[in-house]
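First comes the structure, then the notes that go with it.
Bear in mind these aren't lab numbers, they're just calculated from the coordinates by the rules spelled out. Please read all numbers here as calculations on a predicted model, not as lab measurements. Note that each Cβ is placed from the backbone with ideal geometry, even for glycine, and that neighbours are counted across all protein chains shown.
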Amino acid sequence: MKILIIGSGGREHAIIWKIFSQNNNTKIFSFPGNGGISELSEIVNIPLNQKKQIVEFVKKEKIGITIVGPEVPLSEGIVDIFIENGCPIFGPVQKAALIESSKTWAKEFMSSSGIPTGSFDIFDNFNGAKNFLETKAHLPLVIKFDGLAAGKGVQITHTIKEGISFLDDIFLKNIYKTENPKIIFEEFLTGKEISYLVFTDGQDFIPMEPAKDYKKIFDGDKGPNTGGMGCYSPVDFCTRDIKKSIEKQIIIPTLNNLQKRDILYTGVLYCGLILTSNGLKVLEYNARFGDPETEVILPGIKTPLIDIIDAVINKELKKIKIQWDQNYYVDVVLSSQGYPDHYQTGKQILGLDNIPSDIFVFHAGTKKQDNKYYTSGGRVLNIVSMGQNLIEAREKVYKAINQIEFEGKYYRKDIALS
Ligand code: GLY
């Protein structure tokens, strides 16, 4: 079968690697791709926003399945366009993707569906938001931009001054370039976080192994948010009882209430959860595979991934049983110095050939030129190890990282420690 993967990160590299390692007679196309993806698939030169051109390519090449990695094409309705054209695609339709693309929509959905989440207040203007912050807010609190911002439109506000500066960025400077910016103030919750992803065909769902993601740039969860600096899976503190509660309190009501709104949600439903002293709460939903969660979840799946995806698309998920291996996986992201703000690119990456064969390297911001690899983004590489326990996997990944060099290489030293 021919498959098309849309995206250019470690997540898409991991998806392609998994499909290829389980079905090596598959022909895989991808775009925009990256240096690692270009080794396993044929990169197609189609701009991400040219949906008609994408559909024409899919029809011409008789692509059997298209898999969408990132959130932006989902929020722009790529799945709806494929469905209208009779082309099989994995991912939710535009109105289902609102669960991620509008934080305010998602919060109102949770609130009206009885799904546990922190308290919140929504504002669509600077003065109202500033007034709330100055007179009613309990600090610290979370301010989220109501739209897609690659994991970066979130601030944990400790002082009124820094909060006002973020509101100024969103409403007055309009740094996210939206017509009618909105923000959401959210209660600051404390506890252990879990990324809980399920495959769903809208009716049935199958959970993946939970993962723990590290979003901040510095050790000890300090500094600004990033797209993700590391991850591990499975998560031992997410016990069988907790998993049952997640499904009962969150996954089932989410899918049922989406259906009540006539929204058939298919693809991956990602719930970002926190275990607070008042129980489980949803921090956010994402409408896709997580990144870097995918890089630590997919290696452990023994069932052919493409069979699972095909069953989701054909609404036959109840026929599938997913088998997992018993290993632990740890991902440490190597980023460019300065990320998530300003950083340089074009630095040669050395040492990839020295990586042991039981370590996976999933490329993110890389490009390949004349058989050499160069940095081309903020997050550059995901180094993923496997072990019989977390300690072994952690030791292996940090040893492997020493083999790789590029100017400005930065990584967190505390992934999988807490
Ligand atoms: N790891 C967070 C995300 O995928 O959005």
Open item on the list: Can you return the aspartates and glutamates within cross-link range of residue 409? Criterion is Cα-Cα under 14 Å, with same-chain partners fewer than 8 residues away left out.
Closed with: none
Open item on the list: Could you tell me what a quarter of the Cα convex hull surface of segment 1-144 works out to, in nm² with one decimal place?
Closed with: 11.8 nm²
Task: Inter-probe distance in nm under a simple model that places probes 7 Å from Cα toward Cβ, at residue 237 and residue 370 - done: 4.9 nm
Task: Stokes-Einstein D for the chain, Kirkwood Rh over Cα pairs, 25 °C, 0.890 mPa s (µm²/s) - done: 112 µm²/s
TODO: Binning at 5 Å from 0, report for segment 89-180 what percent of all alpha-carbon pair distances ends up in each bin.
DONE: 3, 12, 22, 24, 20, 12, 5, 2, 1, 0
- [ ] Output the antiparallel fraction of DSSP beta bridges having both residues in the chain, as a percent to the nearest 5.
- [x] 80 percent
Open item on the list: Treating only the Cβ of Lys, Arg, Asp and Glu as charged (+1, +1, -1, -1), what charge dipole size does segment 228-304 show about its Cα centre? Round to the nearest 20 debye.
Closed with: 320 debye
TODO: Report the calculated FRET efficiency for residue 319 and residue 178 (r = Cβ-Cβ distance, R0 = 60 Å), to the nearest 0.05.
DONE: 0.90
TODO: Let me have the 222 nm mean residue ellipticity of the chain computed from DSSP H runs of 4+ only, each contributing -39500 (n - 2.57), with the sum over all residues rounded to the nearest 500.
DONE: -8000 deg cm²/dmol
Task: segment 109-256, dipole about Cα centre (Lys/Arg Cβ +1, Asp/Glu Cβ -1), debye to the nearest 20 - done: 200 debye
Task: 18 Å Cα-Cα reach of residue 60 towards aspartates and glutamates, excluding residues that sit fewer than 8 places from it in its own chain - done: 42, 84
Task: Calculated FRET value between residue 85 and residue 256, using beta carbons and R₀ = 45 Å, to 0.05 - done: 0.90
Task: Entries of 161/222; 260/318; 52/173 with Cα pairs more than 25 Å apart - done: 52/173
- [ ] Using Cα pairs closer than 8 Å and at least 6 residues apart in sequence, work out the relative contact order for segment 11-100, in percent.
- [x] 21 percent
Task: Burial ranking of peptide ranges 212-223, 173-184, 383-394 (average Cβ count within 10 Å, highest at the top) - done: 383-394, 212-223, 173-184
